[in-house]
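> Take a look at the following structure, please.
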Amino acid sequence: MPRTAVEALSTGTPQALIGACVGGIFTAVLQARGFLPPGPFVWLAGVAVAGIVAWLPNWALMRAGERSAQLIYAPSGASTAYVPTFSHIDAMEVRGDLEAAERAWAEACAENPRSALVHVKAADFHLRSLNDPVAALALYARVREIPGAHAEHRRYVQAKIIDLHLGPLNDEGRAMVELRRMIDAFPGTREADEARQALAKLKAPRQQG
């Protein structure tokens, strides 16, 4: 369906026109049978009322949908608004155009400096597609500095930072610092429990030595 038609439906204009037509016919019938006074003004009033009645439920539904989307994508107190899916960048990656995708993610981060999700997706791209743990680490670390970033995002990037130091970056000392940070920042979570176990394993050889 053309975009203009979709937009028209979302505003309720077609529904209002159909309601007005039906209202005009119904009003004319009632006038002909003597249930309503004759005259163009009465007929126009019937058309207007029917059009409004047909349009109002659609308008109310659209406003309710917008409020629901606001609650999901920008909950009260959050610093970030709705973040698009960036499917066009995903398509670049699928096509193998990684240079274009890298530029697009850089632009997305610049345009959405307070969006934790955008930075997470960009970091995941650098790690998954470009095999660039250093760039990924910088983006993950940036998420921790974004005011109002959701706890889920902060916990996710903290786990990724630990994995990077234990894996491709091979920095156990820094990994221990980040494990302690996970334990302190997210007490009582599964990630904190796993971090405590991992930290104990890393400390064991040092204590024995």
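The values are calculated or read from the model by the stated rules, or taken from the named source; none is laboratory data. Note that the coordinates shown come from a computational prediction; the quantities given were computed from them, not determined experimentally. Positions of Cβ are backbone-derived with ideal geometry, glycine not excepted, and every protein chain shown enters the neighbour counts.
> Taking the criterion of being more than 30 Å from HIS88 (Cα to Cα) and among the polar types (S, T, N, Q), would at least one residue in region 110-121 satisfy it?
No: zero hits.
> Take the residues of region 24-42 that are closer than 20 Å to ILE52 by Cα and free of Cβ contacts under 8 Å to residues at least 12 places away in the same chain: which is surrounded by the most Cβ atoms within 10 Å (Cβ to Cβ)?
LEU36
> Restricting the first residue to region 92-118 and requiring it to be in the same structural domain as ASN131 (by TED's automatic domain parsing), which pairs with a second residue that is charged (D, E, K, R) meet a Cβ separation below 7 Å and a spacing of at least six or different chains?
Qualifying pairs under 7 Å: ALA101/GLU93.
> Let me ask something additional. Got a number for residues in region 62-90 being surrounded by 13 or more Cβ atoms within 10 Å (Cβ to Cβ) and either closer than 15 Å to ASP124 by Cβ or at pLDDT 95 or above (or both)?
The number of residues fulfilling the criteria is 4.
> Tell me, please, whether a residue that is of a type in the set (A, V, I, L, M, F, W, C), in contact with a Pro (Cβ under 6 Å, 6 or more places away or on another chain) and closer than 19 Å to ALA123 by Cβ can be found in region 155-168.
yes
> Test ALA104 against the criterion of being of a type in the set (A, V, I, L, M) and either in a loop (DSSP other than H, G, I, E, B) or at pLDDT 95 or above (or both), and give yes or no.
It is true that ALA104 is of a type in the set (A, V, I, L, M) and either in a loop (DSSP other than H, G, I, E, B) or at pLDDT 95 or above (or both).
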